[in-house]
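The values are calculated or read from the model by the stated rules, or taken from the named source; none is laboratory data. Note that the structure is predicted; figures quoted are calculated from it, not measured. Note: ideal-geometry Cβ built from the backbone for every residue, glycine included; neighbour counts use all protein chains shown. Heads up: the accessible areas ignore ligands, DNA and RNA and are worked out on the full protein's heavy atoms, side chains in. Shrake-Rupley method; radii C 1.70, N 1.55, O 1.52, S 1.80 Å.
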Amino acid sequence: MSHADFLSDLFGSSNKEPVALNQTTQSIMTSSPIWVIDGKNTSAWSVVAGKKPKKGATPLLLKQDKGTLGLIPAQMDVGYVATTAAKVSLAQPISVSFEKNGDALLKYGNSKQPISLAFKLRAYDVSGLKIASFLKNRQGGDLAEVERVGNATFPQGSIAYKADTTFLNDEMVMPVNENFTSAKTSSELLTNFNKIPFCLKRVSGHAYGIMFDGNDPKAKSGTFSVTPVKRDTMFCTPTGEPSVAKGSWVLVNSPKTHAVVLTMPKEVTPAEYGIDSNESGVSKLAFIAPSKGDKIFRPGKFFAKGTTLESRRYFFNTTAAEAILKAAQ
């Protein structure tokens, strides 16, 4: 979605719209904290100088000023990246640096082989605009605070941000709250869910599970069936209705991870298998196991190198955040 379309969708024909500001991510993050409003998970972060080394420049760190929510998990359902060292948490980067254009580079995990993500903020002056219009959750839906703030408006000096996050390498990622398959190998995964389905996310609309076709546990690629499952059972139980569609899968083995990456059929919407709207078309559902440590396969996502995700929620400067918190009391 273009930025112009995004503003038009939000404000329609209103004469009052956010005013785009000419600020770089570096100037935003180094001048004041940035906030996300999310009930008890409301969080804020600021860039601070780390410990000065004996040689070289002083590193920059991302300080958690409030809350426990990580900057990246605040935008998308991404908790960990699978690597040779088991799992790398995306809750707290080990360093922050800035490119010549002012965009941020966030590094996670091991300093010798870090997970690197590019991060960009786009700033908008929202002074005088209704607060409720900007209270969105990670999926782009309204926060609970919307009803409490009523028709309150932002005071002068209020700034809202939209964030763009770019994966600089192919990455296999796992959600904040993980589910497990109990399979320790791809062969075991294919066998376990050949006769019984693995339930996808049960959302409003349909409830589906997937079953791998064929009986060759050593296969490197193949197909799977999308099968209707019961909603009200603890275990993934087929309804007995015919499969609604077929998809394909491929086994990916890399130095960092093992994964069975799925290409879902168009008959199943992304929401029905746990892909947020801003990730649709740029991520794939995958069963992922780290190469070392905890090797259990679990549902996750594959993001290709160069994939950029625009956040569905807003971040705020301190003036805007304090106004929201006061109005929502």
- Query: So what is the 222 nm mean residue ellipticity for the chain from helices alone, if each DSSP H run of at least 4 adds -39500 (n - 2.57) and you divide by all residues, rounding to the nearest 500 deg cm²/dmol?
  - Reply: -3500 deg cm²/dmol
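Based on the Cα atoms of region 178-302, what semi-axes does the equivalent ellipsoid have, where each is the square root of 5 times one gyration tensor eigenvalue, given in whole Å with the largest first?
Values: eigenvalues 95, 56, 39 Å².
The answer is 22, 17, 14 Å, longest axis first.
Where the only charges are on Cβ atoms (+1 Lys, Arg; -1 Asp, Glu), what is the dipole of the chain about its Cα centre, to the nearest 20 debye?
Numbers: 39 positive and 28 negative charges, 244 e Å.
Charge dipole, the chain, about its Cα centre: 1180 debye, nearest 20.
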- Message: If the only charges are +1 at each Lys and Arg Cβ and -1 at each Asp and Glu Cβ, what is the size of the charge dipole of region 118-221 around the Cα centre, to the nearest 20 debye?
- Response: 80 debye
- Task: Positive end of the charge dipole of region 178-302 (Lys, Arg +1 and Asp, Glu -1 on Cβ, about the Cα centre): tell me which of I296, Y273, G240 has its Cα farthest that way.
- Result: I296
- Message: Using a 1.4 Å probe on the protein heavy atoms only, what accessible surface does I115 show? Give it in Å² to the nearest 10.
- Response: 10 Å²
- Task: For the chain, set up a Gaussian network in which alpha carbons nearer than 10 Å are linked by springs, and say which option among S89, S133, S311 fluctuates the most.
- Result: S133
- Message: Cut-off 10 angstrom, C-alpha nodes, Gaussian network model of the chain. Which of K120, K301, K195 fluctuates the most?
- Response: K195
- Comparing K295, K218, K130 in a Gaussian network model of the chain (Cα, 10 Å), the one with the largest mean-square fluctuation is K218
- Task: Between beta-carbons, use under 14 Å as the cut-off and find the net charge around L189, counting Lys and Arg +1, Asp and Glu -1.
- Result: +3
- With mean projected area of the Cα convex hull in nm² defined as stated, name the option among (i) 18.9; (ii) 16.3; (iii) 17.4 computed from the structure displayed. (i)
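Could you tell me whether region 109-234 comes out rounded, prolate or oblate from its Cα gyration tensor? Rule is a ≥ b ≥ c as square roots of the eigenvalues, rounded for a/c under 1.5, then prolate if a/b exceeds b/c, otherwise oblate. List each step's numbers first, then the result.
Numbers: a/c = 3.81, a/b = 1.78, b/c = 2.14.
Oblate, because a/c is 1.5 or more while a/b does not exceed b/c.
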- Message: At 1.4 Å probe size, put D170, D164 in order of accessible surface, largest to smallest.
- Response: D170, D164
- Ignoring everything but the protein chains, give the 1.4 Å probe accessible area of T191 in square angstrom, nearest 10. 80 Å²
- Listed residue pairs exceeding 18 Å between alpha carbons, taken from K40/K326; K195/K266; K195/K295; K112/K295; K230/K284; K87/K301: K195/K266; K195/K295; K112/K295; K230/K284
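Mind ranking F315, F302 by accessible surface for me, highest first, 1.4 Å probe? Write down the numbers at each step before the final one.
On the way: F315 0, F302 50 Å².
Ranking F315, F302 by accessible area, largest first, yields F302, F315.
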- Given charges of +1 on the Cβ of Lys and Arg and -1 on the Cβ of Asp and Glu, with all other atoms neutral, how large is the dipole of region 178-302 about its Cα centre, in debye to the nearest 20? 320 debye
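So if each residue of separation counts as 0.36 nm, and I subtract the Cα-Cα distance between Q156 and K295, what length gain in nm does that give?
Numbers: separation 139, 0.36 × 139 = 50.04 nm, distance 5.20 nm.
Once the chain is fully extended between Q156 and K295, it gains 44.8 nm.
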- Note on the structure: Over all Cα pairs of region 41-101, the Kirkwood radius sets Rh, and Rg/Rh then becomes 1.02
- Using a 1.4 angstrom probe on the protein heavy atoms only, line up W35, W45 by accessible area, largest first. W35, W45
- Which one of L200, P114, T166 is farthest out on the positive end of the charge dipole of the chain, using unit charges on Cβ (Lys, Arg +1; Asp, Glu -1) and the Cα centre as origin? P114
